[in-house]
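Reading through the structure tokens given below for one structure.
The values are calculated or read from the model by the stated rules, or taken from the named source; none is laboratory data. Since the structure is predicted, the reported quantities are computational estimates derived from the model, not experimental observations. Here Cβ is always computed from backbone atoms with ideal geometry, including for glycine, and neighbour counts include all displayed protein chains. When the accessible area is computed, the model is the full protein with side chains, heavy atoms only, and any ligands, DNA or RNA have been set aside. Shrake-Rupley method; radii C 1.70, N 1.55, O 1.52, S 1.80 Å.
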Amino acid sequence: MRRRKDLILPVLAGLLLAIATGPGRAFSQTLPQLIEGAKKESQLILSWGTGTMGGIEGAQAMEKGFNKAYGTNIQFKFTPGPSMPQFASRIIQEAKANQPASSDLFVGSENHVARMPLKSIEWTKIFSHITAPMTDFDNKVVIVTTRTPGFSYNSKLVAANEVPQRVEDVLNPKWKGKIASTPYAASFDRLAMIWGEEKTTSFLEKFVKQVSGLIRCGEDDRLAAGEFVMLVFNCDLASPQEAKEKGAPVDGQVFRDAGILSYWYLTVPANARNHNAATLLAGYLLSSEGQDLLWKTERSSSHLVKGTPMNKFVVEQEKRGVKFVAYSVSEVIKNAKEHSRIRQKFQKILQGK
């Protein structure tokens, strides 16, 4: 496998994209070499949304933990960024214009990273705690947190013995006119990957009659106020968990027959200024210490890191009978057009069009 120099010299945009996506070109260094390279870079340019990775407070905590872990004095320069799709598009345009990326490390879903020029990094050779299942997309990304979409509910208005166990339980006449969903049909495209389009469409056509409003993921205050008794599907269980910890009568759960695992990935853009430090930060965030930090700042962790809250949760849910399904970045890319079509179809059903 060809080794690349510590610092990538500015090149034509087309060549940059080819290097980033071409096979057999992995960024390979030892951990001590990365640390020395990071010391020379002396900084990290970081940006993501304020609701991601703990926002500004999360970045500050990362800087402290990172420098302690590696014995460095790297300055983190964090700027709140736009939405993940917008930011991915910005970095793509910057690469095409032969400009450095607005962030040395990008966090996003498979739909975002699939479009970007990225570095392939030999993660498992550099970091002893990173295993092959934590990497994806020809070593261009690592899984930093796991999301488990399900449903959120008002724990005062839904008795413990009435909490839905399977997706079709929400069709109970008792819940008619009391359920919310999302205008963007969150997670229903993933349900279709398990059930198939025909079965999911048939369910949605019945389900929409139960729905009395469309809200965004995270609007748990509307559940707590009793405006709706449930949100089906939610984006993940982090939001209702946070609301519950703050004392709100809100909780969340995964359906037994719709165990969906989706991820936030970390990746180093091919046009990153400080790729040594960025690679080290990704490695740090996949360590037990880094995962503890992410849990404290945003209540998220990876089920692939032993001992994390999400690791324990997935094990508990599997004992409950949930069979989780996950799809690789490559699989999502392969079926991207079909997923987009299905998602738009489901959105129209939920919006009554």
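Quick notes on this one:
- With the highest mean first, a sort of the peptides 297-304, 95-102 on other beta-carbon atoms found within 10 angstrom per residue produces 297-304, 95-102.
- Around the amide H of Trp48, modelled in the peptide plane, lie the amide H atoms of Thr79, Gly81, all under 5 Å away and 5 or more residues distant in sequence or on another chain.
- Mean separation of Cα pairs under 8 Å and 6 or more residues apart, divided by the residue count, gives the chain a relative contact order of 25 percent.
- Residue-normalised accessible area of the range 241-353, expressed per residue, 1.4 Å probe, Å²: 45
- Annotation: amide H of Gly213 within the under-5 Å range of Ser181, sequence separation 5 or more or interchain, hydrogens built in the peptide plane.
- For the range 209-297, a Kirkwood hydrodynamic radius built from all Cα pairs, placed in the Stokes-Einstein relation at 10 °C and 1.306 mPa s, yields a translational diffusion coefficient of 99 µm²/s.
- For the cross-link pairs Lys77/Lys296; Lys119/Lys334; Lys199/Lys323; Lys206/Lys296, the ones whose C-alpha atoms lie over 28 Å apart are Lys206/Lys296.
- Ordered by solvent-accessible area of protein heavy atoms (1.4 Å probe), largest first, the residues Glu318, Glu41 come out as Glu318, Glu41.
- Cα centroid separation, the range 58-105 to the range 152-185 (Å): 39
- Trp195, Trp175, reordered so the largest accessible area comes first (probe 1.4 Å): Trp195, Trp175
- Amide H to amide H distances under 5 Å link Lys140 with Ile121, where only residues 5 or more positions off or on other chains count and H is placed in the peptide plane.
- Those residues of the range 116-159 whose amide nitrogen sits under 16 Å from the label point placed on Glu289, 7 Å along Cα→Cβ: 127-130
- Spatial extent of the chain: Rg and Dmax, with the Cα atoms as the point set, Å: 21.1, 64
- Expressed as a whole percent, the accessible area of the chain that falls on carbon and sulfur atoms is 50 (1.4 Å probe).
- Average projected area [Cα convex hull, the range 51-166], square nanometres: 11.1
- Hull-based mean projected area of the range 224-353, where the convex hull spans the alpha carbons, in square nanometres: 11.3
- Shown is the FRET efficiency for Ser212 and Ser83, computed with R0 = 25 Å from the Cβ-Cβ distance and rounded to the nearest 0.05: 0.35.
- Cα-based Rg / Dmax (Å) for the range 120-214: 18.9, 55
- Using equal-weight Cα scatterers in the Debye expression, the normalised intensity of the range 147-190 in log10 at q = 0.17 Å⁻¹ is -0.55.
- Helical content of the chain, expressed as a calculated mean residue ellipticity at 222 nm, amounts to -11500 deg cm²/dmol (DSSP H runs of 4 or more residues, -39,500 (n - 2.57) each, divided by residue number, nearest 500).
- Cα centroid separation - the range 287-335 against the range 191-235, whole Å: 23
- With the simple model of a label 7 Å out from the Cα in the direction of the Cβ, Ile194 to Phe324 spans 1.2 nm.
- Linear extension gain, Ser42 paired with Ser202, 0.36 nm per residue minus alpha-carbon span: 52.0 nm
- The accessible area of Arg115, taken with all protein chains in place and a 1.4 Å probe, comes to roughly 110 Å².
- For Asp138 and Asn335, the difference between the fully extended length at 0.36 nm per residue and the C-alpha to C-alpha distance is 69.1 nm.
- Accessible surface calculations at 1.4 Å, restricted to protein heavy atoms, place the range 73-185 at 41 Å² per residue.
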